[in-house]
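Accompanying notes for the structure given below.
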Amino acid sequence: MIQLNHASKSYGSKVVLQDICLNLNKGDVVGLLGPSGSGKSTILGLIAKVIQPDRGGCGTASDHIGYVFQDHRLLPWKTALENVLFALEATSDKSSQSNMKQRARKALTDVGLEKATHYFPKQLSGGMCQRVSIARAFAIEPDILLLDEPLSALDSSRRSSILADLKRMIRQRPDMAVIYVTHNRNELADIVKYTYEISGGQLLLADKSI
């Protein structure tokens, strides 16, 4: 599903990733730990094909990729429902508009926002905005899900409930390959199959489940 084959990446004189190899199959859920600037987001960028490696390669069995960022990146002029629909319209096949609306509403219901579909981002709390971004990623029914520190911008009271919903939604998609990037090892409990750490540009296997 995902294969990084001896991939390396530098920014100027700084080597961020050096000879990285990673293979994920359907249903694999892995955690990726490391300090800020260690290259975690660069790995996700390689997989999403928004960053090109300097050497080596990166391949995916599907381009149907859901992406949840640390900051929600919602379009401020669109409602919660319209933000989710925008992703569906960009990635779906020839689904009808009514079918896409149904999928968007279901995704928002899954994250507890069925009563906030008509709200604009400025009318939502930070936690609610992040729930919309999670709904947006799941609505496209991705084969690959990339989570780039999805809870780090939230306070602890919001973090625990959103994490519970996120884990539930991942379990409901057992064929999806997931990479969960975080600096908080506790977020990975009861969900990941493997945990990796980036250190000195190298990808190291830290744990076989948490």
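If we keep just the residues of segment 46-63 that are within 20 Å of residue 204 (Cβ to Cβ) and surrounded by fewer than 20 Cβ atoms within 10 Å (Cβ to Cβ), which is nearest to the chain's Cα centre (by Cα)? Selected residue: 53. Residues that are farther than 30 Å from residue 85 by Cα, among the hydroxyl-bearing types (Ser, Thr, Tyr) and under 17 Å from the mean Cα position of the chain (by Cα) number at least 1 in the following strands (runs of 3 or more DSSP E) confined to segment 121-210: 194-199.
When each of 109, 91 is tested for being surrounded by 15 or more Cβ atoms within 10 Å (Cβ to Cβ) and free of Cβ contacts under 8 Å to residues at least 60 places away in the same chain, the lone residue that passes is 91. Scanning segment 140-160 for residues that are touching a helix residue (DSSP H, G or I) at 6+ places or on another chain (Cβ under 6 Å) and buried (at least 24 other Cβ atoms within 10 Å of the Cβ) yields a single hit, 146. From 115, 101, 106, 78, grab the single residue that is over 23 Å from residue 27 (Cα atoms), part of a helix (DSSP H, G or I) and not hydroxyl-bearing (Ser, Thr, Tyr). Being over 23 Å from residue 27 (Cα atoms), part of a helix (DSSP H, G or I) and not hydroxyl-bearing (Ser, Thr, Tyr) holds for just one of 115, 101, 106, 78, which is 101.
FYI, it's all coordinate maths here, none of it is from the lab. Computed from a predicted model, the values in this text were never measured in an experiment. With ideal geometry, Cβ positions are generated from the backbone for all residues, glycine too; neighbour counts draw on all protein chains shown.
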